[in-house]
Structures are given as C-alpha cells and as structure tokens.
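A short reminder: the numbers here are calculations on the coordinates, not readings from a lab. Worth saying up front: this structure is predicted, and the values here are computed from it rather than measured. All Cβ positions, even for glycine, are placed from backbone atoms using ideal geometry, and neighbour counts span all protein chains on display.
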Amino acid sequence: MLGGGGLVAANVVASATEEGGTDSAQTLSTPAGTIDCPDVGTKLTNVPEGAKEDVAKELALLDQQIADAYQRLMNAGQAIEQDKAFAENSIMTPLKEKRAATIERIAIAVDRQGDRPEGLDALAACTLRAPESSAPAEQPSDGGQQSGDGQGDAGQGDAGQGDAGQNGDNGQNGNGGQAGNGPVAADYVDIKSVQPNVSEPAVRKGGSSGSFATSCGVNENGLFNSDNVIVAPGVSNGAHHFHDYIGNQSNTAFASDEDLANADTSCVDKSDKSTYYWPVLRLQNGKQEQDANKPGGGIEGNAGEIVQPKEVTLNFVGNPQGKVTEMPRLLRIITGDAKAFVNGPANANASWSCTGFEDRQLKDKYPLCPQGSDVVRSFKFQSCWDGQNIDSANHRAHVAFAAADGSCGNGFKAIPQLVQRIVYDVDAPSLQDGGRTTPLFAVDSFPEQLHKPVTDHGDFINVFDEKLMSEMVDCINEGRTCGVGAGDGGGDPGQEEPTEAPTTPPADNGGGNGDGGGKGDDETQPPATEEPATEAPTTPPADNGGDGGKGDGGQDNGGQDNGGGKNDDGGNGGAGAGQPQDDEPTVSSTVAPKSSGEPDAGNDEGGDEADAIGTPAQTQPPTSDTDSLTGGARAQAVGGDLAETGTSLWPAAGGAVLLIAGFVVLMRTRRYAR
C-alpha cells in the first residue's frame, strides 16, 4: 500500500508576512494519506457523573496522540520511501500501544463509578488510510452531487504543490493546501452543476410556524481559541483547530456554568448569553495569523488568513407537527462531526452553498460560487430533546433530529430548532494552479481530517434568560416572527439563481442585520452561462442586501464600484445602500435601479468623498453595482427615473425660459418706442 513512493513528501507553499508578501520559505512535508482511528467517544453512551471529568481528559489525550502520530507521518516521507515498513513499525504500532493504555484508563474510571464498558479494547488499533486520486481542476470530482446526496468522501491527492506553487503529479492540481494536509481540488464543485435538493415538510394544522431571531454579530471582537468547552472541558487545545465565537464572551475550556451565566455577550439582546461557535474559515494564502506557530493552528496544519464572516443569522424555528417546548438552560448541542472524514458521514450535518443557489446544499464539497455570489455554510441543529438532560456522555444521545415529517421519536420533545447561516465574501479558488492565483479556502479541522468540508460542525450552549426563552416559544407556537433582526434578509433556500446575462450581474440575496449588500466586481462582464436570464439583458436585478457589502473593484477596468462599505482597493467605494427587497421585486424591464446615495456606516478608504456622501449635484451620476461589470457604461433606459429624466429635460426647459424672456424684452422695447 505504501510502495512506489506513495508517501513521498512534497514541498508546499509556505508562510508570508502579515501584509501577504512572501517571507522566507518554510516547507512542510505531506504524506498522501491519513490516520484513521475509531472514535472512542461516540461509543461511551453511559458515563457516570463522577467519571466524566477523567473520561473527558483521556478522550482529549486520544486526540492528541493521533495528532502527534499524524505529525510524525507528515515528516517521515523520505524514511517511508526507503523502508516500506517504517510507518507501521515506527508510527502505527506505537500509536496503538498508547491508545490501548489510555482506553484502559477510561474503562477503569467508568468501572469505579458504575459498570465497566465493554468492547473498548478493540478500538485501540488505527489504520493508515491510502489516498484517493484527486480529479483534475478542470473537472473536479463532484462525489455524486448531481443526485444531491452529498455524502461521498473526497480523498487527498497524490502530490502537493511544488516549491513555487506549481502542480505536482502530472497536472493534478490543488493538492495539499498551504500546510500540506488539504484541501485538494476534488474537495470543490461548481454549485451550478448541483441539482436542487432541498425540501421542507409542510406545516400541519397544530404545528408551530413562527420564528425567533437573535443577532450576535460576526465575531468583531476577534474571540478565537482551539478549546472545546463541550467536548473537552478543562483541556487546552481540546479541539485542535481554531473556533470563531459569537454571543457569550467567556468561552474557554475552563469556563464553568457560572462563568457563562455571568459573562458579557455580543448579542444585541443582552438576555441572550448563549454560546455559538464553529471552526474558522481560512484562505490558503500564506498569511501568518496569531496561531501560526501554536497548537491548534499552524503546528497542526491550520494555516492561512482567517476570514471574518460577512453575515451571521441565527433563527429559531418551530416544528411542523406540533408545538415546541422551552429549551432547558445550559443545554448543549453539537451538530455535525469534526471527524466525519474517518468516522463516515453518519453524523455529518453542515451544509455548503452559495447565495442565490441555496436550494442546492452540499455536505462533502466546498462550493465554487459564480461571480457576485457568496459562500454560505449553514447548520440546522437537532430539534428533539429527551426532556431530562442538558448533555450526554457522547454529547449526542440527549438530543436528536426530527423525522422527515418533523416528528420526534422515543418520547423526545420538540424544541426550537436553531438554524445558523454564515456568509463569506470569498472568491472561487483557481484550482488550475492549486490556488496560487486565487487562494483555496477551507475550514479548520483535526489534522488527520485533511480539512474536508464533511467535517464541518457547529456548537451551541443555551444561555438565554428564561423569560426570553419563554417569549421565544410563545412567538414560535403562535406563528409570529419575533426577535432582534427578525425580518432582515438572509436569503431563502428556494430563491432564484443569479441572472447571468452578459450585462446583468447576479442578484445578491444576502441581507440580514444590515450587512448583506452585494460585493462589487471588477470584471468588465460576468461569465455567460447556459442559464437563461430572468430579465432583459440591460436590467440588473435588484440588490436584496442590507447596507452594502465590501467593494472589491474600486475604479478598475474603467468601472466604478459602488459596493458600499469598506473599499479595499482604494477606488470610488460608493455608498450604494442596497435596501432590503422582496425576493421577487417588481422592476420594470427597461429601468435600471438607482443607487440610493445614502452614506454607509463603514470606512471608505480612498473612496471619492463626493460619491461617499451622495451629493446630488454631481457632474457624473452615481453608478450602480452593474457599472463595475460593464466597464462603467450605465444601462440605457427609455423611461428612466426622475433624475435621469431631468438630465434630458433641463436643457429644453432652459431654452424655453430664454425664449419667453426674449419675447418679454421685445414687447417692452416696442412699448417704449411708442
């Protein structure tokens, strides 16, 4: 299995300065495979209270042992090539022995408080998983996504990038990522090639159709760590990857229930001190972050620039079969599986999509979104509760997913379902050159999980004030829409695809919390596709965003970018505040929407001051988002809006005034002559 240089190391793109420039190269070796160990934690469904602390620490040690073994594997390429038995004798066998000793300690800890668990001994041995072939970048493997099942596992390719970011293995592209352990080209798929696969059960009579929103920001406070207070309490770096946190601001492995209850919160409604966290998304661009040389970060293969979400929406929804009951305070829920690449997809639950295409959800692929569309990752948490416990030994048994019709089995009770949606302004990576032109993106993961999208997961601890939780339940059960941020955008799964006619930019259905405006593009034209345009070619779709996204283009290729918000490239970052619209606004097919000219709350770095304040007396009228896509040429309209009509009527009106004045002067002259 390991012959023929199957584990030959390959140099990969290394670190860069904070400004993104190239720094001294630091190369890592990458094996074309990973370590697959049985997940002991999922087998422990009944751990006595007195043994939980010891068991949690031993489970965290098992994760550390795997990470250490994987690190040795990464650095052993040359030794393995020279000795085919090296990996088995020097890495896998010692790992088995360490795991066996740790598993025995777990069994003893449980046995002291109750019944000794059976069958754990068989979980000590791990296997060295050989790589699967990586598909060429031009035709990335879609893992069966045409059928919408989203469950195939994409393997790591056979070679990493070369010293200068060049492709290895005869044109197989995008392998190894920045740190050598993923992502790979086969981990991405064009969202337009995926068939719609979203369906929702109908709400029956007696069901709960309301929704409750809470708004907690996008981690503007920069709260990160590689702990996991749910799975590994009391253990530093229990997650082995960095987490984004919003809501509760006391999220460390050592936070007690009292710490969480007394903490500050980033939520607008201060009665919501709940904890919401997920693995960060990174660009594989070589940037050094704060954890570049630390456990959980660069040491474990989580490298590159951390991307702050453009928007996060948190909605609690009802049950189509009946009423929901209140969540117990400090209820813990984990959705998805951080180890799904080796465990299999049984517990995988995160979904990936693009704005405008959210009726197409991916489980095991990252989406390649078309121009003007943003990456979306979403989590629908378990919505059935056992009615007794706020947690369980494997952190899953106390909650469950509803059946396809929305019913809860085994005597479980329906609770409000947390639906979490995270939007990122990131471009589709350039797979043909391994992300050298436009970097790959991926979520942080345990090192041996190779940054596979199927490993994505989200965590939630309910620290709602009991009064607010009661209000939430009443709202949902009565079919109302309530909470901070209720009624904001956020995009519906069934919305239309972005229009892609040559002069028509895709619609941005972002919105939500006032941050979801579309991003400005610096292309002269969006790529034409086989998708039919939904409006006339000269009509840009309405921007269903909030206050405007990040303007990317500036004044590039002859087009002004009025994307609103911060303009990174120093062009005319305009203030076009996309007002929230219905999903299907009524727009004349011959009238181009006009920028509102309202000032944006963000920083306009290097933008045109007159454009930023929306001064009406401009020599050149404000441009829309479409202008950056059409080289600054504004769509021609037969019947424009009031400002456009005035532009053509003022000269005629002025001539008429002069003509009348001339007649008056002539009459007075004749009168005086008499």
Work out how much length Lys43 to Ala130 would gain on full extension: take 0.36 nm times their residue separation and subtract the Cα-Cα distance, in nm to one decimal.
28.8 nm
Here, trypsin sites (Lys or Arg not before Pro) of the stretch 184-264 satisfying both criteria (DSSP loop; at most 11 other Cβ within 10 Å) are Lys205
Multiply the residue gap between Gln308 and Glu258 by 0.36 nm, knock off their C-alpha separation, and tell me the result in nm, one decimal place.
15.1 nm
Between Asp36 and Glu97, what FRET efficiency comes out of the Förster formula 1/(1 + (r/R0)^6) with R0 = 22 Å and r the beta carbon distance, rounded to 0.05?
0.80
Going by amide H atoms built from the backbone, whose H comes under 5 Å of the H on Asp244, apart from near neighbours?
Trp278, Val280
What shape does the stretch 181-303 have by the C-alpha gyration tensor, where a ≥ b ≥ c are the square roots of the eigenvalues, rounded means a/c under 1.5, and otherwise prolate means a/b greater than b/c and oblate the rest?
oblate
Sequence ranges 338-347, 435-444, ranked by mean other-Cβ count within 10 angstrom, highest first:
435-444, 338-347
Cross-link table Lys43/Lys363; Lys57/Lys467; Lys192/Lys273; Lys205/Lys270, entries beyond 27 Å C-alpha to C-alpha:
Lys57/Lys467; Lys192/Lys273; Lys205/Lys270
Mind ranking 383-389, 257-263, 56-62 by how tightly packed they are, going by the mean number of other C-beta atoms within 10 angstrom, highest first?
56-62, 383-389, 257-263
Two pseudo-spin positions, 7 Å from Cα along C-beta at Gln388 and at Gln78, lie apart in nanometres by 5.9 nm
Three-way shape call for the stretch 69-116 based on the alpha-carbon gyration tensor, with the a/c threshold at 1.5
prolate
Which of rounded, prolate, oblate describes the stretch 284-395, given a ≥ b ≥ c as roots of the alpha-carbon gyration tensor eigenvalues and a/c under 1.5 marking rounded, otherwise prolate only if a/b is larger than b/c?
oblate
Once you have the Cα-Cα distance between Ser199 and Asp115, take 0.36 nm times their residue separation minus that, and quote the gain in nm to one decimal.
25.9 nm
Sparsely packed trypsin sites (Lys or Arg not before Pro) within the stretch 227-330, loop by DSSP, other Cβ within 10 Å at most 12
Lys270
Rounded to the nearest 0.05, what FRET efficiency do Asn89 and Thr437 give with R0 = 35 Å and r taken as the Cβ-Cβ distance? Could you check?
0.25
Please compute the modelled spin-label separation between Glu53 and Glu471, points set 7 Å along Cα→Cβ, answer in nm with one decimal.
3.8 nm
Taking the C-alpha atoms of the stretch 365-463, how large are the radius of gyration and the largest Cα-Cα span, Dmax, in Å?
17.9, 54
